[in-house]
Every structure is written in C-alpha cells, then in structure tokens.
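Data first, discussion second: the structure below is written as structure tokens.
What follows is calculated from the coordinates using simple rules that are stated; it is not laboratory data. This structure is a prediction, so every number in the text was calculated from the model and none was measured. Cβ placement follows ideal geometry from the backbone for every residue including glycine, while neighbour counts extend to all protein chains displayed.
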Amino acid sequence: MDSTRAPRYGDRVATPERTWKAEEFLALPEDPDHRRAELIDGRIVMHDPKQLHQLVVRNIMLAVHAWAVGSGHGHVIFNQSLHLTDRDVLSPDVLWWADPSRVDPSTAVQPVPDLVAEVRSPSTWAYDVGVKRRLYEEHGAGELWLVDVDVRAVLVARRSAPQAPGFDVGHVLRPPEILATPLLPGFELAVEDLFRFP
C-alpha cells in the first residue's frame, strides 16, 4: 500500500508502514473515505459499521437527546472528533456534555465529553474496550457506555465522583435491566430498547 496516500474503506487498518501525527490526520480532505476513521496511537483505523451498529447508535442518540431537551440540560451529538494527543484523534459514536458552552459548532474537534458511548463494530471493538477506553478515562470522561451488539449488553464504566482519578465503578447490563446514570438525573433506557427497531 502507498504509505503517502490517505486510507480508503477497503483498507482494514490503514498505512501500517507509517505513523501519523494528529495535525496530519485532521488535515486530510473531508471526503467519504475519511468520515469513518480514527487516529489511534498514530495509526489510521477505518470503521466498517454495519446496519445494526447504526441503529443502536440512533437509539442511544434519540434517548439522550430526548432527555436533554426535556430536562434542558446538556448537549448531545454523534460521531464527533476528539483530539486527545498528538497521536490520537477518536470519533465516539455518541457524546454528551453537561455544559453546552464547552461545545463549539464552528470547529470539527471538540473537548472530551462527560458521557461517551461506543457501539460494537467488528473493525473497532478491540480498540473500544482497550486503548480507547483508557484514553477516555485518562482525559477526563465521566462515564463510558460500551454497547456489545453481539451479546446485547451494555458495559458501563464510570467515576464514583467527579474527582475520582479513573473509572472505579463498572456494571454489565442486559435485558430486562435499565440503563441509568447519575450524570443524567431521571434518565432511564431499557437495555432491550437499544435493540428495538420499529
């Protein structure tokens, strides 16, 4: 593979011959080949989301958005770049900030959110539960939802208090359990509803 060209969807993990800096990655042209890519430890990793992945992301997004609108708290978006280090630019599936003023709609890269959700995709799940989980924790995310579509479960990692040094609380939720979080008071989402597709 030509190590000077940007990766394409046909590439499993792009350009293994070289590493990229965050500024190089962020300067890549915005075309369909780059919309579903992340920079992880200097390597460009391409996403290959399946329809089930996208439907679950939609269900999370709609539920958190409905709570934010109803409560008047926070701001939620999906698939947004987070420039964490000079070798890591992640693109979580769903992101929520308690303080909407921290989000700048005029820029493509946002600060680390208070709540992050990642949905299992064959091409990225090992990163989601590994290095990406560690990066979210190190850079201050308050809570992480890892939705495993293969076993229909949600792995929840959160801080017991805002000042906690890391994710020190963990749960695995399955139907008929309810997904809730102290970050979103009153929010409840049945785990089975994550996988409901009308």
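A few comments on the model shown:
- Counting every other Cβ atom within 10 Å of each residue's Cβ, Glu143, Glu23 order from fewest to most as Glu23, Glu143.
- Alpha-carbon centroid distance for the pair the range 162-196 / the range 89-145, whole angstrom: 16
- Modelled label positions at Leu28 and His139, each set 7 Å beyond Cα in the direction of Cβ, lie 1.6 nm from each other.
- Other residues whose C-beta falls under 13 angstrom from the C-beta of Ala117 contribute a net charge of -1, scoring Lys and Arg +1 and Asp and Glu -1.
- Tilt relative to the chain, helix 51-71 - C-alpha long axis, 0 to 90 degrees, to 10: 50
- Shape call, the range 51-194: gyration tensor on alpha carbons, a/c limit 1.5: rounded
- Net charge of Cβ neighbours under 11 Å - reference Leu82; Lys, Arg +1; Asp, Glu -1: -1
- Listed by Cβ neighbour count within 10 Å, with the fewest neighbours leading, Ser123, Ser71, Ser106 appear as Ser106, Ser71, Ser123.
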